[in-house]
Amino acid sequence: MPKKNNKKNIFVLGGVISGLGKGIVAASLGYLLKSMGMKVTIQKLDPYLNIDPGTMNPYQHGEVFVLDDGSETDLDLGHYERFIDESLTHNNTTSSGRVYWDVLERERRGDYLGDTIQVIPHITNEIKRRIKSVNKSNKFDVVITEVGGTVGDIEGQPFYEAIRQMVLEEGRSNSIVIHTTLLPFISAAGEMKTKPTQHSVMTLRAIGLAPDILVCRTQQNHHLTNKLKKKLALFCNVENDNVFESPDVDTIYEIPLMLFNQGFDKKIVDKLGIKNLKQHSQINYLDKAIKTYKSPKNKVTIAMCGKYNSLHDAYKSILEAFIHSGIKNDAKVEVKWVDTEKLEKDMDFKVFENIDGILIPGGFGYRGIEGKIKATQYARENNIPFLGICLGMQCAVIEFARNVCNLSESNSTEFDKNTSSPVIDLMPSQKKVIDKGATMRLGKYSCTLSKKSNAFEAYGKINVNERHRHRYEVNNRYKKQLVKKGLSITGVNKKLDLVEIVEIKDHNWFVGVQFHPELKSRIVNVHPLFKDFISAAIKFKS
Ligand code: GLN
């Protein structure tokens, strides 16, 4: 007997290929359900064997998204937060590695009392426990669960099996399976092909999961027709009007509107039997935001001085924060990618011609550092609005110490262990750390701002909380010297006595932050520092 309950589960499973925007579909659905007044959360199940993405190379996995509680997570968690404007927790993320680790730990403790440990039921039970645990203390009306990768992946099998069991146990009327697929357009044949979707659905059905809804990714100028819908419905065993389209768009924030216009959210709440919902409260906001995004009054160009320039996913949250802050300032934010390794070699500052702002993002390791320090110097000397994030802030301090305080050997001990002026140094709590996973200063810490600062002007309050991911910090031994020469320390963590924000007086807008403001910028709630950085860039340009 399926349970009688009000808790509803929506599973989002991908087919055909990865990178189709499955996470955006999950996040958009979250946005639409919240807009109707529902309490909703989204979780990600990642079938890879790493415990979390914290130790993965950004080239392989994109950026690591850090939550308030310090969890290092997949960048899809960033999309979820940006769309539903809620702060998620470690309960919203899991991986095969985490699941196996926990089960094997219990086995070693003897908790299974001599049982033979198997994928079914031990691993699948642990996956189900984790899926349900997100709703334990919060009482969400709906939990959306996205599985990473695509149906048919070997490592994903236990997750699909656990979901199959859950749908049965929780009741089919309480669950929906959404399958996201691709409808490729084959130009030689001049038509869109449904076969990959058919095969993907066959694979799903072979493991006992029948999709209720298909969301098909289409390419520009090749849209889902009624004829195609009918064909997909017939071959994939779904109802005609349960086939939806997710087209190529200029910005991902269009997807909730596109789905809304097709009646996607209505279909889902009807199928789940959810009644008494409010009128949508957030559709107009998004509609207006998209209009501004498409025809803004202003345009600014920001130089992004990083080393992972060929993989934009490594800086996903910053790029999204540019979209949010651009819309708030009625401006298009164009990004000019400046390769700091190249800058370090050729010292060609022509790259900064016609630039309205310089951003140095976070990062690790020595490669490209001298280029970043030079870019900081250029911003300081030429009065160009500057935002330094984490490593970017550390570069600003090193540059200031070298060129203004005459400590020419200044460096971070991350790059030169024996520097005579370690203005950036390892936190004492980090000195004995050996393991690399989940050992940095991670997650939410408080920061107290000084009045009369750009930071205070932006936030409009004294106490703020921001997310961190670093091992090194400003060395307090140099604070006096730096301040004497005009570097303002405008944000501190009082409890740990750490510098959180530095600024330069008599500059258009120069702010370096030890934390990551981009992780807290959302489409309905832009981060104040990004908003003011872009506004300073607009002023600088005019
Ligand atoms: N590598 C620096 C540190 O560990 C900066 C880290 C970052 O930018 N996230 O402190």
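The values are calculated or read from the model by the stated rules, or taken from the named source; none is laboratory data. None of the values given here were measured: they were computed from a predicted structure. Cβ: placed from backbone, ideal geometry, glycine included. Neighbour counts: every protein chain shown.
General observations
- Looking only at residues of region 357-384 that are farther than 23 Å from residue 468 by Cα and part of a loop (DSSP other than H, G, I, E, B), we find that the one that is nearest to the chain's Cα centre (by Cα) is 384.
- Test for residue 292: is it at pLDDT 95 or above, crowded, with 16+ Cβ neighbours inside 10 Å, within 28 Å of residue 410 (Cα to Cα) and of a type outside the set (A, V, I, L, M): no
- Residue within region 2-23 that is among the basic types (Lys, Arg), at pLDDT below 95 and in a strand (DSSP E or B) present: yes
- Whichever residue in region 118-147 is at pLDDT 95 or above and over 19 Å from residue 167 (Cβ atoms) and, among such residues, is surrounded by the fewest Cβ atoms within 10 Å (Cβ to Cβ): 118
- Options 157, 198, 220, 165: the member that is of a type outside the set (A, V, I, L, M) and in a loop (DSSP other than H, G, I, E, B): 220
- In region 359-402, residue surrounded by the fewest Cβ atoms within 10 Å (Cβ to Cβ) [restricted to those that are among the β-branched types (Val, Ile, Thr) and away from the ligand (no atom under 12 Å from the Cβ)]: 384
- Qualifying residue in region 55-67 (condition: assigned to a helix (DSSP H, G or I) and crowded, with 24+ Cβ neighbours inside 10 Å): no
- Filtered by the rule that a residue be away from the ligand (no atom under 16 Å from the Cβ), out of contact with any helix residue (DSSP H, G or I) (no Cβ under 8 Å at 6 or more places or on another chain) and not in a strand (DSSP E or B), region 457-485 gives 461, 477, 479, 480, 483, 484.
- Residue match in region 487-510 (condition: in contact with a Gly (Cβ under 7 Å, 6 or more places away or on another chain), surrounded by fewer than 24 Cβ atoms within 10 Å (Cβ to Cβ) and assigned to a strand (DSSP E or B)): yes
- Within region 437-456, considering residues that are of a type outside the set (Gly, Ala, Ser) and touching a helix residue (DSSP H, G or I) at 6+ places or on another chain (Cβ under 7 Å), the one surrounded by the fewest Cβ atoms within 10 Å (Cβ to Cβ): 449
- Consider region 403-436 and keep the residues that are surrounded by 15 or more Cβ atoms within 10 Å (Cβ to Cβ) and in a helix (DSSP H, G or I). The one that is nearest to the ligand (Cβ to nearest atom) is 430.
- Selection within region 437-456 - out of contact with any Gly (no Cβ under 8 Å at 6 or more places or on another chain) and either acidic (Asp, Glu) or not in a loop (DSSP other than H, G, I, E, B) (or both): 441, 445, 446, 454, 456
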